[in-house]
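Some notes on the structure that comes next.
The values are calculated or read from the model by the stated rules, or taken from the named source; none is laboratory data. Predicted model, so just to flag it, every value in this text is computed and none were measured. A quick note on method: Cβ atoms are made from the backbone with ideal geometry, for glycine too, and the neighbour counts reach across all protein chains shown.
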Amino acid sequence: MASPDQILKQFADQALACEHLGSPFTARICRATARVIDERTQFGRRILNWDGDPYADNVALRAAGGLHALARSNWEPALTSVYPLNDVSEHTLGIAIRDTLTRHDRFLADRLSSPPQTNEVARSAIILGAMLSVAEVTGQPLEIFEIGASAGLNLGFDGYRYALGEGRGWGDRGAPLTLECEWRGSLPSLVAPLTVLGRHGCDLQPIDPDLVADRERLLSFVWADQTHRLDRLDTALKLAAAAHRQVDRGDAAEWLEQKFAVPQQPGVTRVLFHSIVWQYLPKATQDRISALLHRLGQSASLEAPLAHIAIEADSTPSKGARIDMTFWPTGTRLTLGRGDFHGRWADWA
């Protein structure tokens, strides 16, 4: 169990990360929450006695998500009134949070059980780059598998339009959602033959885009002052609902073992991908997935290849996520580049 000082440091560090990623309001929420919580509320006790790693579990964003959900619900007008588009001080936020806890302590304490789920659809630009790289290498259609898929928004990456800077774009010009990404460095081939024959997703707590409560839970984890992200996510959720895209509920390792037990179709490349998920998986689950990929890699062939795309934080999170691709049967591993956690930019190697 972490000490209260370690937990409060996680709130402070997350506040700095929010400022770096363009959300000064969420930074103030993190600092104000850390300042007002104490042992007198369930919410405060649960945070200050957190049973786990506060960084891996990201307690600060769990708390911020609960507060945002309550503000969006309009059950607590006084809290709603201090959220964007209103601009208030950190001190005023602290007063509103403390006051809200007198009426909604149980709700906020319960919401701490939900790990942050953002399903940042703008990461699809980075996923597109990686998938184009796979398609260029194999020349085959793809069957894709995503762990930590949430609502499955990035499973539909090829249905969006992309503006990649300097007049470069990809996808249907009439697509209902256009994602803008500042693309630095080289580009993968935008004319690589990209066809997705199958889409599969898994999450411990999948989001059903058809359900209002599920959509609101996902929207609550988007930082409240980033209205462009909220609007973008709302559009993507509507598209996913229209496509009736569903994500399976289950443990990532067990799910992958079951999915990959089904014989691979010759002439089709299987691709496992995930973005900002690995850090939330238990070590045993990570090891189980790594062992599975090792076994599958040994049996892969040029006729039935396998690729693994990992868009994950490393030891330099200030530089965004690292984008790695491993390809079998050769076992070649490449770092394709780095990308912003919210998909604002990609720096391709």
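Would you pick out the residues in the range 311-332 that are farther than 15 Å from TRP278 by Cβ and either surrounded by fewer than 21 Cβ atoms within 10 Å (Cβ to Cβ) or not assigned by TED's automatic domain parsing to the domain that holds SER275 (or both)?
Result: THR316, SER318, LYS319, PRO329, THR330, GLY331, THR332.
Given (1) in a strand (DSSP E or B); (2) buried (at least 21 other Cβ atoms within 10 Å of the Cβ); (3) out of contact with any Gly (no Cβ under 9 Å at 6 or more places or on another chain), identify the lone condition not met by HIS308.
(3) is the only condition that HIS308 fails.
Within the range 223-243, count every residue that is surrounded by fewer than 17 Cβ atoms within 10 Å (Cβ to Cβ), in contact (Cβ under 8 Å) with a residue 24 or more places away in the chain and either of a type outside the set (Gly, Ala, Ser) or touching a Pro at 6+ places or on another chain (Cβ under 6 Å) (or both).
4
Of the residues that sit in the range 37-62 and are of a type in the set (Lys, Arg) and within 16 Å of MET1 (Cβ to Cβ), which one is surrounded by the fewest Cβ atoms within 10 Å (Cβ to Cβ)?
ARG45
Of all residues in the range 7-24, count the ones that are buried (at least 19 other Cβ atoms within 10 Å of the Cβ) and assigned to a loop (DSSP other than H, G, I, E, B).
1
Which of the residues that make up the range 1-28 are touching a residue at least 40 places away in the same chain (Cβ under 8 Å) and of a type in the set (S, T, N, Q)?
Correct list: GLN6, GLN10, GLN14, SER23, THR26.
Only one residue in ARG123, ARG72 is surrounded by fewer than 22 Cβ atoms within 10 Å (Cβ to Cβ) and closer than 30 Å to ARG245 by Cβ, so which one is that?
ARG72
Here is a list of conditions, (1) in contact with a helix residue (DSSP H, G or I) (Cβ under 7 Å, 6 or more places away or on another chain); (2) surrounded by fewer than 21 Cβ atoms within 10 Å (Cβ to Cβ); (3) at pLDDT 95 or above, and PRO266 meets all of them except one; can you say which number that is?
(1)
Kindly indicate whether any position in the range 25-33 is over 21 Å from the mean Cα position of the chain (by Cα), buried (at least 23 other Cβ atoms within 10 Å of the Cβ) and part of a helix (DSSP H, G or I).
yes
Can you find a residue that is over 20 Å from ARG199 (Cα atoms) and more than 23 Å from the chain's Cα centre (by Cα) anywhere in the range 301-311?
Taking every residue of the range 301-311 in turn, at least one turns out to be over 20 Å from ARG199 (Cα atoms) and more than 23 Å from the chain's Cα centre (by Cα).
Considering only residues that are part of a loop (DSSP other than H, G, I, E, B), among the hydroxyl-bearing types (Ser, Thr, Tyr) and under 17 Å from GLY65 (Cα atoms), which ones fall in the range 77-126?
Listed by number, the residues that qualify are SER81, TYR83, SER113, SER114, THR118.
Quick check on ARG338: is it crowded, with 16+ Cβ neighbours inside 10 Å, of a type outside the set (Asp, Glu), in contact with an Asp or Glu (Cβ under 9 Å, 6 or more places away or on another chain) and within 17 Å of SER133 (Cα to Cα)?
Judged against the criteria, ARG338 is a match.
Do you know which residues across the range 143-176 are in contact with a His (Cβ under 9 Å, 6 or more places away or on another chain) and either in a loop (DSSP other than H, G, I, E, B) or more than 30 Å from GLU254 (Cβ to Cβ) (or both)?
GLY148, ALA149 - these are the residues of the range 143-176 that are in contact with a His (Cβ under 9 Å, 6 or more places away or on another chain) and either in a loop (DSSP other than H, G, I, E, B) or more than 30 Å from GLU254 (Cβ to Cβ) (or both).
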